[in-house]
1. Near B:Asp85, within a Cβ-to-Cβ distance under 15 Å, what is the net charge of the other residues, with Lys and Arg +1 and Asp and Glu -1?
2. Can you work out the FRET efficiency for the pair B:Ser52 and A:Leu115, with r the C-beta to C-beta distance and R0 = 35 Å, to the nearest 0.05?
3. Mind checking A:85-95 for the average number of partner chain beta-carbons within 10 Å of each residue's beta-carbon?
4. From other protein chains only, count the Cβ atoms within 10 Å of every residue's Cβ in B:42-48, then give the mean.
5. In nm, to one decimal, how far is the A:Lys14 label point from the B:Ser28 one, both placed 7 Å along Cα→Cβ?
6. Find, to one decimal place in angstroms, the Kirkwood hydrodynamic radius of the stretch B:38-114, where the mean of 1/r is taken over every pair of different Cα atoms and then inverted.
7. Where does the protein assembly as shown land on Rg/Rh, using Cα atoms and the Kirkwood Rh?
8. Find the Rg to Rh ratio for chain A, where Rh is the Kirkwood radius over alpha-carbon pairs and Rg uses the same atoms.
Amino acid sequence: DGGITQSPKYLFRKEGQNVTLSCEQNLNHDAMYWYRQDPGQGLRLIYYSQIVNDFQKGDIAEGYSVSREKKESFPLTVTSAQKNPTAFYLCASSSPVGMNTGELFFGEGSRLTVL
Amino acid sequence: AQSVTQLGSHVSVSEGALVLLRCNYSSSVPPYLFWYVQYPNQGLQLLLKYTSAATLVKGINGFEAEFKKSETSFHLTKPSAHMSDAAEYFCAVSEGFGNEKLTFGTGTRLTIIP
């Protein structure tokens, strides 16, 4: 079945450690996104990528990094510079401009807890 | 810049009663508007979307929403609530042609009273 797979689903990290969240999609979508979700704040965009080897900062990119070496994969690294990393992280994808109207397909999310 | 305001972070309705979740938007161009639903510890699923066609949009699970330009609103309704409707609902706006980032509201948690 086509979809988006995020791993791990739950992750614990000590302060000062970097951690990488995986996001893989087999929908043949060009665009991929990372959102952060906190209670009462909705979803905030961290990074997005519209094509392989290219990505743009979203609204809250500080303390995060991404890569887009393959169309199917868009991993997110939460670095030690991120001051408040405990959150629920959602990866999403969408098909190219002109082929859809902005609908995002979401993974099941990764919950990161910093101890 | 685009933005979305969802009135009411928590809404409770009795089973069988009308569900009304409010969403107002701000956009400098004709918007695309979306409602998504999220069940606990899961990702978001699209309920319905408005893309400048019919102003009354029907979605999955019996939900519908009406685009009202004069009121800059896109409220979500369902005539009769079911226990399975308990979830968090997000309204979102996009100004692009499909590949632009969405701006989400802060969400409304819907509780169904038996």
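Nothing in this text is a laboratory measurement; each read-out follows from the coordinates by a stated rule. Here the structure is a predicted model, which means the values were calculated and not measured. FYI the Cβ positions are ideal-geometry reconstructions off the backbone, even for glycines, and counts take in every protein chain you see.
1. Local net charge: -1.
2. Details: r = 48 Å, r/R0 = 1.37.
Calculated transfer efficiency: 0.15.
3. 2
4. Values: counts 5, 15, 10, 2, 5, 0, 0.
So the per-residue partner count for this stretch is 5.
5. It works out to 4.8 nm between the two label points.
6. Values: mean 1/r = 0.0725 Å⁻¹.
Its Kirkwood hydrodynamic radius stands at 13.8 Å.
7. Numbers: Rg = 17.6 Å, Rh = 18.1 Å.
Reported Rg/Rh, Kirkwood definition of Rh: 0.97.
8. Details: Rg = 13.5 Å, Rh = 14.1 Å.
Rounded to two decimals, Rg/Rh equals 0.95.
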